[in-house]
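Take a look at the structure below.
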Amino acid sequence: MNFVEDSALFVNSGVEQPPMINPNAAALLKKAPQHLLQVHEYVEGIKAGNVTILSKAITLIESRLPAHQALAQQVVEACRPYGDKSVRIGITGVPGAGKSTFIEAFGKYLTKRGHRLAVLAIDPSSERSKGSILGDKTRMEELSTDPHAFIRPSPSAGSLGGVARKTRESIVLCEAAGFDTIFIETVGVGQSETAVHSMTDFFLLLMSSGAGDELQGIKRGIMEMSDMLVINKADGSNIDKASVAQAQYQSALRLFPLSESGWEPKALMVSSIEKTGLDDVLTQIEAYLTSTKESGYFARRRREQARYWMYETIDEALKSDFYHNPAVEAALAGYEQAVLAGKKSSFTAAKELLESYYKSGAFSF
């Protein structure tokens, strides 16, 4: 007789449970036909405020398929006359500053006052896996169910220039859909802030209390770009720390030369949890918009941004065309191995690949 089988500790193996996810789901999704609409269907749906069609159009923009890109460009161009009427606000901040909590609190504050808000979040992809954590909708539960708000996270897929251009085009579609306020959120404090600054009217830097070390870790350029600095989490026992941080940041901002807009950035305190200080943030944004529109800076900056994105689009198109050129694709791996083996210098390999590209004459633009 087996002791284990007679023991009270014996565990019946039971019935094997079916998998929670259909193992054939991935294959079924791949086989599912991609239903594309006509250009006028996308445009009319977007103008009508249909967020489902707006989402499909943005997915089209993000697609790398040439046919999708051509269709997306037609949709963007058709929507352009109906856009350019929103306020574009860039939001960034140090990790842990509570960007998502602030965006949700401030976003709800705006929608309750009759505004329609679109949140376009640039989510950095892993350089190793090329995967992204598109968690903004799960972090903004209230805002994601608000009928007057639209949240769209976008993976950068390792190409900052690519995702920035796609975000710029998504702004056009959101404006055509009737969203009068657009937040462009970027994760962390780094290179992507420059791209966000190049497509927004107002740049907000979110911080938490306990300045000192954080001040040292912030790049000067990011603080110089900021039109407002907001200290979040000014609640409970943290109010005193937030007050000290506000004074330190305000002193730091005074050290920077006045920007071309003539605007003097201020450091404010808010509590995204208790919903305090949000009215001060809106008051400052409105004051900035009034000031820059009266001086002509607002319109001038919009024109300069359009010029900037013309050059960025050219750069992206040339880079894409180079790497998708048949002659380059056929030779690239061999040159890469030659460089790794030390048989060719990086500069010689690049020069010869470019010569191969020029000689092929297979330009697609």
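Taken together, the values in this text are just the output of simple stated rules run on the coordinates, not laboratory data. Predicted model, so just to flag it, every value in this text is computed and none were measured. As a convention, Cβ positions derive from the backbone with ideal geometry for all residues, glycine included, and neighbour counts pool all protein chains shown.
Taking other Cβ atoms within 10 Å as a rough exposure proxy, THR313, THR290 sort from fewest to most as THR290, THR313.
For the residue pairs LYS233/LYS293; LYS166/LYS319; LYS47/LYS166; LYS233/LYS275, alpha carbon separations beyond 21 Å are given by LYS233/LYS293.
The largest-to-smallest principal axis extents of the Cα set in region 309-360 are 39, 19, 15 Å. Residue ranges 165-176, 320-331, 69-80 sort as 165-176, 69-80, 320-331 when ordered by packing (mean number of other C-beta atoms within 10 Å per residue, highest first).
For HIS68 and TYR308, the difference between the fully extended length at 0.36 nm per residue and the C-alpha to C-alpha distance is 84.0 nm. Relative intensity of region 36-82 on a log10 scale, I(q)/I(0) at q = 0.13, 0.18, 0.22 Å⁻¹, equals -0.23, -0.44, -0.66, per a Debye sum over C-alpha point scatterers of equal strength in the absence of solvent.
In a fully extended conformation the segment linking LYS359 and GLN337 would gain 5.7 nm over its present Cα-Cα distance, using 0.36 nm per residue. The packing ranking, built from the mean of other Cβ atoms within 10 Å per residue, places the peptides 47-55, 85-93 in the order 85-93, 47-55, highest first.
Once you have the Cα-Cα distance between TYR323 and ALA287, take 0.36 nm times their residue separation minus that, and quote the gain in nm to one decimal.
Working: separation 36, 0.36 × 36 = 12.96 nm, distance 4.64 nm.
Contour length minus the Cα-Cα distance gives 8.3 nm.
Taking the square roots of five times each eigenvalue of the Cα gyration tensor of region 293-337, the equivalent ellipsoid has semi-axes of 40, 8, 4 Å, listed largest first.
If neighbour count is taken as other Cβ atoms inside 10 Å, put TYR311, TYR335 in order from fewest to most. Write down the numbers at each step before the final one.
Working: TYR311 9, TYR335 19.
Ascending number of Cβ neighbours within 10 Å: TYR311, TYR335.
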